[in-house]
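A short worksheet on the structure shown next.
The values are calculated or read from the model by the stated rules, or taken from the named source; none is laboratory data. It should be emphasised that the depicted structure is a prediction, and the values quoted were computed from it without experimental measurement. Ideal geometry is used to build each Cβ from the backbone, glycine not excepted, and the neighbour counts take in all protein chains shown.
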Amino acid sequence: MINQSLKNLSQLLASKAVSSVEMTQTFLERIRQYNPTINAYITIDEEKSLAQAKAADSLIAAGTATTLTGIPFAQKDIFCAKDWRTTCGSKMLANFIAPYDAHVIAQFNHVGAVNLGKTNMDEFAMGSSNETSYFGGVKNPWDLTRVPGGSSGGSAAAVAARLCAAATGTDTGGSIRQPASLCGFTGLKPTYGLVSRYGMIAFASSLDQAGPMAKSAEDCALMMNVMAGFDARDSTSLNHPKEDYTAKLEQPLAGLKVGLPKEYFAEGLDSDVAKVVDEAIATYQKLGAEFVDISLPNASLSIPVYYVLAPAEASSNLSRYDGVRYGHRTAQYDDLMDMYMKSRAEGFGEEVKRRILIGTYVLSAGYYDAYYLKAQQIRHLIADDFKAAFKQCDIIMGPTVPSTAFKTGEKTDDPVAMYLQDIYTIATNLAGLPGMSIPAGFSASIDGHDLPVGLQLIGNYFDEARMLNVAHAYQQVTDWHTAMPKGIE
Amino acid sequence: MALTIPDIKRIAHLARIEINDSEADKTLNKLTGILALIEEMQAVDTTGISPMSHSQDVVQRLREDVVTASNQRDAFQRNAPAVDRGLYLVPKVIE
Amino acid sequence: MEWEVVIGLETHTQLRTKSKIFSGASTAYGAEPNTQACEVSIALPGVLPVLNKEAVQCAIKFGLAVDAEIAPRSVFSRKNYFYPDLPKGYQISQFELPVVGKGKMTIQVPATSKHEAYEKVIHITRAHLEEDAGKSLHGAVDDMSGIDLNRAGTPLLEIVTEPDMRSAAEAVAYAKKLHELVQWIGICDGNMQEGSFRCDVNVSVRPKGTTELGTRREIKNLNSFKFMQQAIVYETQWQIETLEDGGKIEQATVLFNPDTGETRAMRSKEEANDYRYFPDPDLLPLAITEADQAAIKSQMPELPEAMKARFESEYALSSYDASTLTSSKAIADYFESVIQAGGDAKLAANWVMGGVTAKLNTEDKTIVDSPINAATLAQLVIRIADGTISNNAGKQVFEAMWSGESDVDAIIEAKGLKQVSDTGAIEAMIDEVLTANATMVDEYKAGKEKAFNALVGQTMKASKGKANPAQVNALLKKKLDA
């Protein structure tokens, strides 16, 4: 059951071969077994999950179920879920019980899906290895000495280790796609504005976007049908007509024009990763795709631009954590200033504080123009590069990450090296474009471990259905996406 | 624009994050590295390029002026560190 | 040395919306603490703002009322600072691109012993939309403050002037005029006790005749015109004395203490502010089209300036009268209702200003509290105009009406105030008076004009005040000159 597609799980439920309670129990069992090692979940609440499963079984019995009714999903702990502890991976919110549902959570609840638990993540989604979580690092199921990527590391490990049917994630600079590449599954970051941010704890508001993390493109499509949609409570939510993301899955790829940005194959790309990507390109050629060389000349600037804009927005977004209305308040303080200074110093971890300080600095008097304004101008140039590229091609392909999963602790003392993990993913966030990572193979075995490699797809605005189609076609002729890490069967 | 310890202390204070001298030292080191990365932007000529705040060229949607929220004080204040008679308590505010 | 004070105002007007500027929480005043503080108001993790349409329309109305440029595209920015009544740690405001740009307003500065009344144009620099903060309440618990976030997120229009004012009187005249205008166009309830209209006053002084601005101090949160007057006078004097004693003015934010009548610098705002403004990524640019403006313009009431000009031409009122009658929309509406009910314009103007508003002022009431409604006042004005009673007798009728009687004719009847306009009767009275006052008649004939007035007085007295004075005058003249 654990390696089944969402469609098959749905059929199992519909045929009453398995109840939602049984299915939920199966995954809870696995969580009990593996989570102490992998640490994918921060909060498990079996009672709540089973209550939802029971309710789902009633819907199924009543014949009012839809595709995802009764299926257990892991929810990244960045989404507020009513009456669930919602920590965002931070000590600051270690005891915060959300009094309302995020839009994404409400959408899953609406179709009767089961919330299996809240997954681990880098603190406030700031990180690429899940090592900044207050609740401890997450292990990569493919090699427990390595990181799963981040910031959606818990969801990633949960999907890879089959500790859920599928999971949600959020992606501000690559936080769905990079872990998808490192843990060998399919992840989609939709067009900015397609999935409501309401109730999703903000990191960098103009870049944050929620998306599905699942075994296959088909699973992602089914989840997108639930997650995407206009929400009046989010001013940046786009009023885009509702789509069925599964509708185009089976379209043939003949005539598909794929752009290969030369900047994504330049220095800095590991040969192991390059080899896997080249093989994937060859497979696509067999499927009828045509390839054109393109250029994204300002792509290399996406990291500097991101590390101005994201921290700037974050420094402001995280000002609400002041120990007044909720969240951590220091035990001892002399006065108001002291309470602020200590509560925030204690409540936030190193990386979060670092980014708050950078953000505060680049927005401070005298520096705004040189940093923030400049970054927004270059953001425009980066978006224009993509605009030009999509005149030449339908979809862009390249590596998701320059390398495979790295060892825990390897980059913790070098933030800049860590930031370079997102060199191929950040530009799409800056442009607001949809991006995907799909499993495309493995690196040469290291210490007996095969490490997954992801292929990145970047589409034009609102082209998710087409991207899912392109990914699905590949997954019909390859089986990388069904591979499971050893030792978790 | 080399960053200094007084800069670190000033921005930490602006951000209301307590920082001791040894932390300030370490932070200076890390932030200097990050700022060096950021400095790559300065090589780009951006004359005449408009800043981009949003990826889509859309304008603000307006909400009808209707009261939709109800009183949820008790639920919300369950998360509060200190409350008294419905008020959030903080150390005395001096004006 | 002679000094000149330079004053500019920043006024926070709470907009009359039902819900908050970025959420569906109620803005009603006086609720139990934090019962109108929804998830957005208390800035729970994950919440987002959506802009209230009515707040935008209020801003457009104001822009149109002060003849200002209305930005086709304006932007909301975050003003970052920590304060317990500011739940997000930033205030959503407008910085570089405000919704309302440059405009102007004409104020009337009342006469004093030193100068006549005069008019002056005050330039509006800008007006922008922003959210109000919550309130900090002190003393409920020892050494602690209590935070009430019911007010957090209430829509404000912050209206900023150029440093155009040169006296406390001008500043107060501007504030009063603005206070009236925002109520006139229906965007603010004007309730100063409840904080719906609060002024920050920037004051600086400079040697008279120089053009460079002195260092200013900002007097925060004045919510009464009387305090504003006192605070500016005190602050001006303090700055002049400081400079004359060889001191220097430091830029500061100060508070006015009504008990001592003094201003003092605020402790909490001592550190240099660095608000780190940047465009709020949770909100998109606010677009206002020509059509939006036109639609709102068509719903706007006639503005005070236009109404004043119309009163002057339509009712032949003096500029002063027209301006007094348009000093508030309620008074103007009352005045026009009197006319619509048949009252003569000039008489109506006199009775509204000298009668109703004078009486209201002494009783510290506003026109909505007037015990005499416009239709009743019109009846009185009609009876004076048609000669039924004299203007003087009208005062007695007015007093009776003020204490609750409403039938004008019944009052006239009951008090026997009907004017005698019967020529024969008046002539008979005059004859008697002339006979009884032969000396005065001789004096008049000898050229003493004063004697004439005395004879009129005697006749009026003989009629017990009821004779029509105009008729008495005419008939007496005719008889004496015959």
Open item on the list: I need a count of the residues in the range C:28-74 that are among the β-branched types (Val, Ile, Thr), more than 8 Å from chain B (Cβ to nearest Cβ) and closer than 21 Å to C:ILE159 by Cα.
Closed with: 3
TODO: Would you kindly identify the helices (runs of 4 or more DSSP H) lying entirely within chain B that contain at least 3 residues that are crowded, with 19+ Cβ neighbours inside 10 Å and at the interface with chain A (Cβ under 7 Å from one of its Cβ atoms)?
DONE: B:5-14, B:21-38
Task: Conditions (1) in contact with a Leu (Cβ under 9 Å, 6 or more places away or on another chain); (2) surrounded by 22 or more Cβ atoms within 10 Å (Cβ to Cβ); (3) in a loop (DSSP other than H, G, I, E, B); number of the one not met by A:ALA81 - done: (1)
Task: Answer residue from the range A:43-94, given it is out of contact with any Ser or Thr (no Cβ under 6 Å at 6 or more places or on another chain) and basic (Lys, Arg) and is farthest from A:TYR326 (Cα to Cα) among those - done: A:LYS54
Open item on the list: For the structure I just gave you, tell me whether A:THR412 is polar (S, T, N, Q), buried (at least 20 other Cβ atoms within 10 Å of the Cβ) and in contact with an Asp or Glu (Cβ under 8 Å, 6 or more places away or on another chain).
Closed with: no
Task: Condition check for A:ASP369: at the interface with chain B (Cβ under 7 Å from one of its Cβ atoms) and surrounded by fewer than 24 Cβ atoms within 10 Å (Cβ to Cβ) - done: no
TODO: Check whether at least one residue in the range A:314-334 is more than 9 Å from chain C (Cβ to nearest Cβ), surrounded by 22 or more Cβ atoms within 10 Å (Cβ to Cβ) and hydrophobic (A, V, I, L, M, F, W, C), and report yes or no.
DONE: yes
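For every residue, the table says whether it meets (1) hydrophobic (A, V, I, L, M, F, W, C); (2) over 30 Å from C:ALA37 (Cα atoms).
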residue	(1), (2)
C:SER93	no, no
C:LEU156	yes, no
C:TYR174	no, yes
C:GLU194	no, no
Task: Residue identified as in contact (Cβ under 8 Å) with a residue 60 or more places away in the chain, within 21 Å of A:PRO452 (Cα to Cα) and assigned to a loop (DSSP other than H, G, I, E, B) among A:ARG197, A:ARG162 - done: A:ARG162
TODO: Please work out if A:LYS248 is among the basic types (Lys, Arg), in contact with a Cys (Cβ under 9 Å, 6 or more places away or on another chain), modelled with pLDDT of 95 or more and closer than 20 Å to A:PRO434 by Cβ.
DONE: no
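Here are some residues: C:ALA322, C:ALA349. Which one is free of Cβ contacts under 8 Å to residues at least 24 places away in the same chain, within 23 Å of the chain's Cα centre (by Cα) and assigned to a helix (DSSP H, G or I)?
C:ALA322
Residues of the range A:310-328 being part of a helix (DSSP H, G or I) and not hydrophobic (A, V, I, L, M, F, W, C), which ones? Break it down into steps so the answer makes sense when it comes.
Here is the first cut: in the range A:310-328, the residues part of a helix (DSSP H, G or I) are A:310-320.
Those that are part of a helix (DSSP H, G or I) and not hydrophobic (A, V, I, L, M, F, W, C): A:PRO311, A:GLU313, A:SER315, A:SER316, A:ASN317, A:SER319, A:ARG320.
Quick check on the range A:133-153. Is at least one of its residues assigned to a helix (DSSP H, G or I), in contact with a Ser or Thr (Cβ under 9 Å, 6 or more places away or on another chain) and crowded, with 23+ Cβ neighbours inside 10 Å?
At the first step, the residues of the range A:133-153 found to be assigned to a helix (DSSP H, G or I) are A:153.
Retained after the next criterion (residues that are in contact with a Ser or Thr (Cβ under 9 Å, 6 or more places away or on another chain)): A:153.
Then keep just the ones that are crowded, with 23+ Cβ neighbours inside 10 Å; that gives A:153.
For the range A:133-153, residues assigned to a helix (DSSP H, G or I), in contact with a Ser or Thr (Cβ under 9 Å, 6 or more places away or on another chain) and crowded, with 23+ Cβ neighbours inside 10 Å: present.
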Task: Selected residue (only one of C:ALA111, C:ALA140 is away from chain A (no Cβ under 14 Å) and more than 30 Å from the chain's Cα centre (by Cα)) - done: C:ALA140
Task: Spans of strands (runs of 3 or more DSSP E) in the range A:378-489 with at least 2 residues closer than 16 Å to A:PRO179 by Cβ and within 14 Å of chain B (Cβ to nearest Cβ) - done: none
Task: Breaking point among (1) of a type outside the set (Lys, Arg); (2) more than 18 Å from C:ASN392 (Cα to Cα); (3) within 19 Å of the chain's Cα centre (by Cα); (4) at pLDDT 85 or above, for C:SER337 - done: (3)
TODO: Inspect the range C:441-461 for any residue being surrounded by 13 or more Cβ atoms within 10 Å (Cβ to Cβ), assigned to a helix (DSSP H, G or I) and among the basic types (Lys, Arg) and give the result as yes or no.
DONE: no
TODO: Can you run down the residue pairs with Cβ atoms below 9 Å, 6 or more apart or on separate chains, where the first is in the range A:279-294 and among the small types (Gly, Ala, Ser) and the partner is at pLDDT below 95 and exposed (fewer than 15 other Cβ atoms within 10 Å of the Cβ)?
DONE: A:GLY288/A:ALA254; A:GLY288/A:GLY255; A:ALA289/A:ALA254; A:ALA289/A:GLY255
TODO: Consider C:GLY214 carefully, then state whether it is surrounded by fewer than 21 Cβ atoms within 10 Å (Cβ to Cβ), more than 14 Å from chain B (Cβ to nearest Cβ) and in a loop (DSSP other than H, G, I, E, B).
DONE: yes
Task: Filtered residue count, the range C:121-159, keeping only those that are at pLDDT below 95 and not in a strand (DSSP E or B) - done: 5
Task: C:ALA294 at pLDDT 95 or above and out of contact with any strand residue (DSSP E or B) (no Cβ under 8 Å at 6 or more places or on another chain) - done: yes
Task: Single unsatisfied condition, C:ARG310 versus (1) over 24 Å from the mean Cα position of the chain (by Cα); (2) surrounded by fewer than 19 Cβ atoms within 10 Å (Cβ to Cβ) - done: (1)
TODO: Go through the range C:356-413 residue by residue and tally those that are in a loop (DSSP other than H, G, I, E, B) and among the basic types (Lys, Arg).
DONE: 1
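When you scan the range C:76-88, do you find a residue that is buried (at least 21 other Cβ atoms within 10 Å of the Cβ), over 26 Å from C:PRO285 (Cβ atoms) and of a type in the set (A, V, I, L, M, F, W, C), even just one? If you could, list the steps in order and put the result at the bottom.
Pass one, the range C:76-88, residues buried (at least 21 other Cβ atoms within 10 Å of the Cβ): C:76-78, C:80, C:84, C:86-88.
Among the residues that remain, those that are also over 26 Å from C:PRO285 (Cβ atoms) are: C:84.
Cutting the leftovers down to of a type in the set (A, V, I, L, M, F, W, C) gives us none.
The answer is no; no qualifying residue exists.
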Open item on the list: Every residue in the range A:335-366 that is more than 7 Å from chain B (Cβ to nearest Cβ) and closer than 14 Å to B:LEU35 by Cα, please.
Closed with: A:ARG355, A:GLY359, A:VAL362, A:LEU363
Task: Filter pass, C:THR263 being within 14 Å of another protein chain (Cβ to nearest Cβ), of a type outside the set (Lys, Arg) and surrounded by fewer than 13 Cβ atoms within 10 Å (Cβ to Cβ) - done: no
